[in-house]
Amino acid sequence: MFKALTHTFLYVLDQDEAIDFYVGKLGLELNTDSDLGFMRWVTVNVPGQPEVEIVLSSPEMGHDEETARAIRDLVAKGGASGLIFRVEDCRATYEALVGKGVEFTQEPTEHFYGIDCGLRDPFGNPLRFTQPAAVAQS
């Protein structure tokens, strides 16, 4: 049966701007940037985790123009899919990214599951960074 999740898709409205944001600001690694003729295949991954790729997909990938337009509208409204990244120190990650000009929609907040914060990428996709709560030792 299934062995692993290898790719997840995130719609972006400009792949070059997406690379600048996800690699240049967030610090992900560029895994693949290939011109396939009929489309551009761009993937990034968390450093040291190349087996799980985030496909920075254009709305046109595999869709007609009407559907692509609807996807662009949905992304811009923040209604498309998002991502949650696990971090070791949410507050330090937040401060480092604010220093790089990343704008957040929610500052680090404590919850029962840990500390997390929220932002949107340049296109409207929701992102969260979560520092899991410490597990009590018995």
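The values are calculated or read from the model by the stated rules, or taken from the named source; none is laboratory data. This is a predicted model, so every value here is computed, not measured. In this analysis, Cβ positions are derived from the backbone assuming ideal geometry, glycine residues included, and neighbour counts consider all displayed protein chains. These accessible areas exclude ligands, DNA and RNA; they are computed on the full protein's heavy atoms, side chains included. Shrake-Rupley method; radii C 1.70, N 1.55, O 1.52, S 1.80 Å.
Extension gain for F9-E60 works out to 17.1 nm (0.36 nm per residue, less the C-alpha to C-alpha distance).
Split the accessible area of the chain by element, probe 1.4 Å, and carbon with sulfur accounts for 53%. Take every Cα pair under 8 Å whose residues are at least 6 apart in sequence, average their separation, divide by the length of the chain, and the relative contact order is 22 percent.
A probe of 1.4 angstrom, applied to the heavy atoms of all protein chains, finds D16 with accessible area near 90 square angstrom. Label-to-label distance for F2 and V46 is 1.7 nm, based on points extended 7 Å past Cα in the beta-carbon direction. The structure-derived value of Rg/Rh (Cα atoms, Kirkwood Rh) appears in the list (i) 1.00; (ii) 1.15; (iii) 1.03 under the label (i).
Spherically averaged projected area of the convex hull of Cα atoms, region 1-77: 6.3 nm².
For region 25-104, chymotrypsin sites (Phe, Trp or Tyr not before Pro) meeting the loop criterion (DSSP other than H, G, I, E, B) and having at most 13 other Cβ atoms within 10 Å: F38. Can you tell me what share of the DSSP beta bridges in the chain is antiparallel? A percent to the nearest 5 is fine. In the chain, approximately 70 percent of DSSP beta bridges are antiparallel ones. When the surface is traced with a 1.4 Å probe over the full set of protein chains, T109 keeps roughly 50 Å² accessible. Would you mind checking region 13-29 for residues with the amide N under 20 Å from a putative spin-label position 7 Å along Cα→C-beta of R69? Residues 13-14 qualify, since their backbone N sits under 20 Å from the label point.
Computed with a 1.4 Å probe over protein heavy atoms only, the accessible surface of the chain comes to 61 Å² per residue. Across region 4-26, the residues whose backbone nitrogen lies under 15 Å from the label position 7 Å along the beta-carbon direction of R86 are 5. The dipole here belongs to the chain: it is taken about the Cα centre, uses +1 on the Cβ of Lys and Arg and -1 on the Cβ of Asp and Glu, and is about 380 debye.
Taking GluC sites (Glu not before Pro) as exposed when DSSP calls them loop and at most 13 other C-beta atoms lie within 10 angstrom, the chain has its longest site-free stretch at 1-50.
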